[in-house]
Structures are given as structure tokens and as C-alpha cells.
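Peer 1: First the structure, which I've put down as C-alpha cells, then a few questions once you've had a look.
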Amino acid sequence: MDEKEQQRMIQELEGSDRQPGKKLGLMVSIVAVGLSLFHLYVAGFGLPGIGSRTFLLIHLVLGMVLVFLIFPFKKGLGQKTIPWYDLSIAAITFSIGVYLIQRQEAEAIISARPTEMDLIVGTLFVILVIEATRRVVGLPLVIIAVLFITYFFLGEFMPGQFYHSRGDFSRFIYEIVYRSNGIFGTPIYASAQFVFIFILFGAILESTGAGKMFIDLAIRSVGKYKGGPAKASVVSSGMMGSISGSSTANAVTTGTFTIPLMKKVGYPPHVAGGVEVASSSSGQFLPPVMGAAAFIMVEFTGIPYYEIIKSAFIPALLAYVGILFMVHFEASKRNISGMDKSEMASGKKLLISQGYLIIPIFILLYYLVIERTSVNAAAFYSIIAMIAIAFFAYQFKKGLGRTLLYAAIVLAVTLSMQYLIGFVNQGLVGLNTLFGISFFSPEMIRWRDPIFTMILGGIIVALLFVLFQRTAKIDAVPAKYGMTELISGLDNAARNALSIIVACATAGILIGVITTSGLSTKFTRIVIDFSDRIESWLPNFMVTDNTQIYIALVLTVFACLLLGMGLPTTATYVVLAAVIAPVLTDLGLPVIVAHLFVLYYGVLADDTPPINLPAYATAGIANAGPIRTGVQGFKYDSAALLLPFMFAINPTILLITDASAMEMTWAIITAAIGMATFASFIQNYMLAKYNIIERITAVITALLFIQSDVITDAIAFSLFILLFAFQLYKKRKQPVQTARSN
């Protein structure tokens, strides 16, 4: 499956089987590439003489225009063109965007007295946002949005704490459309300011051929072990997921290669698909990108991005450790062997021939973790380096002397830009007078010195790798990279971002209703009252000082799973971060703990049928049923089911306490053993099949490891050693089986 087929499959899964002709297809690609270039420009040089509100409007409106051009009114139409009504809707959406940009400084808007036309346009805009969401994300989020809007207007008829008397139509449109409480609130700001540039980073990285290299490296690393292809799927999906904003795109990209290998060594189709679902979805835990959630979390919590990814790092690794244990126990149950060495590429050859593709990731981490530059700047510099490395690696392999001349010219032009940029800006300012506008400013383009460093470094890295290949006599052809591949990456980035853009816009409506209706200030009281009622039903020996928070955490789990069955992870997190996370913090949890707790169960819920796009993707590759595949995906992710409770009760593994290195190490070890034991409980197998007493012992052991104090850890370790010893005894009594080979 080539890149075009993968992108078509992703679009079909998200609701688009439209294949327009060349002219209309070119128009769509121009808008998509333009949107990506706009965000790349803003990340590198700042806003081009426009305000932040205009920036958000361009981000959302162009995203919605693309939705109406790419996604049909309903699935399965098989359209070969873009019908007139969708072209009209796209044009109306664009016109409304222009209107909103022009009206943002109007006296009526500033004074909170919108005109009748403002209300009409605002109403139409809300409808278009919801319709765009329906086409890309599906009905569940739309239904929830409609319920919230209905609640806003019927609040005076609601009982108790849900009562409010603010259901005025004019106020609703003004707050949702013209202020920063609704559509243009925190979610869409995070989407525009942070999320898109990292989706762009991942799409361009994928266009360089890095995805295939990650898979080959993962197969080389773990392919020879028991159940090797499945473990390679976990590792490669983790590597791709750490920098990809889309679990569906991750599942298609890695699953295309890993699922056939898993089936070949003996995994049933639905199990192979389920492993890939869990591995791809859990990539939303992994820094530095964490899907879209890390950036939205920055806006919700005010915690610096570096602190968030630092706290998320160890739990994310533990989540993947849990999946690896699930895969290992499955392979042991089915007696599945690893791959033969002859089927795997040479690790040395891989690193020398394509290792340069990893360099941009290290550059990204350097700027984020060591330099601690802005998120946008880190992504921008990494993209520039990535393009330079990929382009010149391919060109140097074709011809060393001629490419050195190209490199010299590029470096000369880049170096001179810092001096020429002033003249360019003066020319742009002259266009204001020529066209009677005030768009361009004297600092329209602000040159960044690291750009030259990134290009120079990229050329040097590419040259060194080609020289290494010649020295090692490795005749490997680097992946082709030129203007076609770059444009493809820019195009795919915009398309991959659409589901997040519209989901964030609709999530903003939900937050706007919660804030404007006053529900946000009442919800803590509602949950506390409900927890007190449940606590009163419990026997006295079950009631402790922490009972209330335990009940609130369990209620949060159910809320996450319920919402996650129909919403994408981003929308689930945004809603629960606005409603539930403040409740958890009011009950005593640290802010980062509350938000990571909500995020983790939102991601786990993303694997639950019936709305589980990664499962549909992997099921298509594996030739299995999507519901059955989705259930398996949730099963493999369930090893991390207890992880959020572990860091909620003992946040040491989030690296936010004053614990010593020894205490941190101990907390990580006990968490890992607890997850391994819970994985064995789910699989009903460790070294041999469990009987009922062993299985009960396994789940009790895992639960005891959650508490993480001296007494519970001692009991848990004792039970684990007894369980392991008895399993070892049973295994030695069993007849030796010949492993299933591939």
C-alpha cells in the first residue's frame, strides 16, 4: 500500500470516499498546502501583521472549507466530483470568515450589542461548525453539542443545581461566536497554535520515508523474540505515535507492514488488528506530541509544556510496557515464535542508509527539553532541518559534485536573507499603498538565525551519511525526496488535521455553554453531593479519608468511557478537562494528575466500539471484523487500566514530588510489576494457564501495587513471588511444545 492509498484509506475511514477530478482535486490541494504553509510561516516568523483572533479564524475557516470540499454529505456516495451545493457551502463558509474578521473590531461587537446581521451570521456559523463536525467526526459529538445547546436554552426548566436563567439567544451567539468563551476558546487556540505544526512535522517526516525505517528498526530490535512481529508493532507504533497527531494515520501507516507479519507467525487476524489498534492509540500518551492533548493541557492548566511532557513520560512508557506484556503472554499462550534473522534487515545497514531521518526528532527534543524554546519554534526548526537532510541526502547520492554546488548556492542565499529581508518587507509595505490595504507591516517577515544553522547542519548530516555509506560499501538508495514529496507532506498534514480542527471548534461550543450557563461553578458541588450519597451507602469499614476522591475517580472513569465510545480523544479530553478535572482538583488532586487521569481514560475509551476509527483501519488490513478488532484493541490497552489510579494515589512516577531517586525507582518498578500482573490476569496466563485461584491472586496483587506503601507493597511482592513460583512449577510439569514457526 503506497502513500496515496494510505491517505485514501484514512479519508474513507473518516467519512470521505470523494475522488474529484484533476482540476477540483488541484483546487483542494492548493487550499490544503496553503493552510500548511500558513501555519509553517506563523510557527517560524510569527503572525504576519494580523491579530491572534484573525489567526484562529483563518485556521478554522480554511479547515472547514476543506471539510466541505473533501467530505461528502454522507458516506458511500462514491462521488467523482464536488457537487455544487458543497462548493456553495464552502464559499459561504469562506465569506462568513471574511465577515467575522472584518467585524471583530466593530463597536457593536466590542460593546456586546451584536446587530441583527451579526446574530444571523453567527447562527449560520454555529450550524456550519456542527455540520463540518458531523461529516468528519460523526454524529456522537454533534448529538452532545445539540444537547448542551438545548440545556442552555431550557436551563430555567431544569431542577436543582442544573437550573439557570441565562438562556438568551443573543447572548448565546455573542458568547459562542464573538468572544473567546466558545468556538474561539482554548481548544481551537491550542489546535491552531500548537497541534497543527506537529501534525505537519509528522506528515513531512512520514513523507521522507521515516515510517518504514521505524518499522524496520523495530523488527530488527524485537522481531526475533517470542511473538516478535507483534512486539515490533508496539515499538514502531510508539515511535510513530510519539510524533503523529492521528492514531488512525498511525494505525494505517504501521499496520500496513506489521499486521501481515503478525498473521504470518500465527496471530489471528482480529488479534493482529487489535494489537495495532492499542499500539497506535496509546501513541497519544507519548511525548513530545501526545496527540493534541499536551498542547490543550498547556492552555487549560497553565503548566509549561516541558513540565507536562516530563510528567507524562514515565506513565507513557509504562503503558507500552503493559501492551508488550499483553503481547508476550498472548504469544506464549499460542506458542508463537519470533521471526527468522534472514527476514530482518541489518540494523547497521538501516542506520547507515536511513539513520539521518532520526536526526530531526533529536533536534526537536533538543529545542523542547534543553533549550526550552517555544513549541512552535522547536517544530519549525526541526521541519527545516528535516527537509534539508532528506533533500540533500537523496541529491548527494545521485551526484556529489553537482549537489555540493547546489548546497553552496542555497547556503549563500540563506545567509544573505538576513540582510535582504528588510528590502522584502519594504516592498510588501508598498503593496498597502498600491492596493489600498493595511495588511503588511515593516516587520512582516522576521528572520530567524537558527534557519541558516538548520540548513547548514542538514547539508553536513546528509553529506556525512552518504560518505559513511561509501566507506561501509553500502549501496543503499535514500528515499526519494523532492518538491513532489514535500507538497504531498504539506497536503496530507492539512487533511490529517481536519478532524482535530472541527472537534476542537465543537468542543469550544460545549465549554462555552458550561461557562456561560454557570454549570462550571456548580459541577463540583454536584459531584461531591453524589459522592457523599454513595459513601453513605457503604459499610463503615470501607469508608476512609480518601473514599470521596476514590468515588470521584471511578465516576470519572465511567464518564471517560461513556464519552469516548462516541468521541475522538481530543474532544473527550476537552469536555472532561472543562467539567471533571476541576472537580478532581477541588477534591485535592494536583492539577497535572487530574488532567493526565482524564486524558488516559479518554485514550483508553478511544479503543471502544462502535466509534473506533483505528479498529476499522486495522480490520480492513487484517481482513477481520471491526467490532471484534476494536474489542481486542481495548483488551490490549487494558493493561494500563490501573495506571491512572497508580499515579493518582502516588504521583511519584509523574516526577512532581520531592521523592528521592530510590523512591522514584521503587515506584516505577512496583507500577511495572503491577501492570505485568494485571496483564497476566486479563490474558489468564503468565507462564502457564491460570486456574481460578491464581487468577484471583493476580488481580489482588495488581490492586495492592496501586496503593504503593510499605505494607501493601510487601504483601503484593509476596503474592507475586508465590504466584510466579507456582506458575514456574506448573510450566516445568507441562510437556515441551515446539514453537510455531513462520
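The values are calculated or read from the model by the stated rules, or taken from the named source; none is laboratory data. Keep in mind it's a predicted model, so treat the numbers as computed, not measured. Here Cβ is always computed from backbone atoms with ideal geometry, including for glycine, and neighbour counts include all displayed protein chains.
Peer 1: Which residue, of A210, A319, A232, is of a type outside the set (D, E), free of Cβ contacts under 8 Å to residues at least 40 places away in the same chain and out of contact with any Pro (no Cβ under 7 Å at 6 or more places or on another chain)?
Peer 2: A232
Peer 1: Quick one: R171 ticks every box in (1) surrounded by fewer than 16 Cβ atoms within 10 Å (Cβ to Cβ); (2) within 21 Å of R495 (Cα to Cα) bar one, so which box is it?
Peer 2: (2)
Peer 1: Only one of (1) surrounded by fewer than 18 Cβ atoms within 10 Å (Cβ to Cβ); (2) without any contact (Cβ under 8 Å) to a residue 24 or more places away in the chain; (3) more than 35 Å from the chain's Cα centre (by Cα) fails for L719. Which number is that?
Peer 2: Failing condition for L719: (1).
Peer 1: Of everything in segment 621-668, what is under 21 Å from L553 (Cα atoms), assigned to a helix (DSSP H, G or I) and aliphatic (A, V, I, L, M)? Give them in sequence order.
Peer 2: A639, A640, L643, M646, A648, I649, I653, L654, A667
Peer 1: For Y306, only one of the following conditions fails: (1) among the hydroxyl-bearing types (S, T, Y); (2) part of a helix (DSSP H, G or I); (3) surrounded by fewer than 21 Cβ atoms within 10 Å (Cβ to Cβ); (4) assigned by TED's automatic domain parsing to the domain that holds F452. What is its number?
Peer 2: (4)
Peer 1: Let me ask something else. Looking for whichever is farther than 30 Å from G34 by Cα, in contact with a helix residue (DSSP H, G or I) (Cβ under 6 Å, 6 or more places away or on another chain) and buried (at least 19 other Cβ atoms within 10 Å of the Cβ) here; the options are F201, F194, F152, F184. Which one fits?
Peer 2: F152
Peer 1: Quick check on segment 111-131: of everything there that is hydroxyl-bearing (S, T, Y) and without any contact (Cβ under 8 Å) to a residue 40 or more places away in the chain, which residue is surrounded by the fewest Cβ atoms within 10 Å (Cβ to Cβ)?
Peer 2: S111
Peer 1: Continuing with this model, one more query. What pairs come out if I take residues in segment 346-362 that are outside the structural domain of V461 (by TED's automatic domain parsing) and pair them with residues that are among the acidic types (D, E) and in a helix (DSSP H, G or I) whose C-beta lies under 6 Å away, six or more apart or interchain?
Peer 2: Qualifying pairs under 6 Å: L350/D216.
Peer 1: Only one of these conditions is not met by A714: (1) over 20 Å from L317 (Cβ atoms); (2) of a type in the set (G, A, S); (3) crowded, with 16+ Cβ neighbours inside 10 Å. Which number is it?
Peer 2: (3)
A quick yes/no check of all residues on (1) modelled with pLDDT under 90; (2) on the phi > 0 side of the Ramachandran plot; (3) in a helix (DSSP H, G or I):
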{"residue": "S170", "(1), (2), (3)": "no, no, yes"}
{"residue": "I173", "(1), (2), (3)": "no, no, yes"}
{"residue": "F184", "(1), (2), (3)": "no, no, no"}
{"residue": "P187", "(1), (2), (3)": "yes, no, yes"}
{"residue": "A190", "(1), (2), (3)": "yes, no, yes"}
{"residue": "I199", "(1), (2), (3)": "yes, no, yes"}
{"residue": "N250", "(1), (2), (3)": "yes, no, yes"}
{"residue": "T256", "(1), (2), (3)": "yes, no, yes"}
{"residue": "A278", "(1), (2), (3)": "yes, no, yes"}
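Peer 1: Give the number of residues within segment 318-355 that are surrounded by fewer than 18 Cβ atoms within 10 Å (Cβ to Cβ) and under 26 Å from the mean Cα position of the chain (by Cα).
Peer 2: 1
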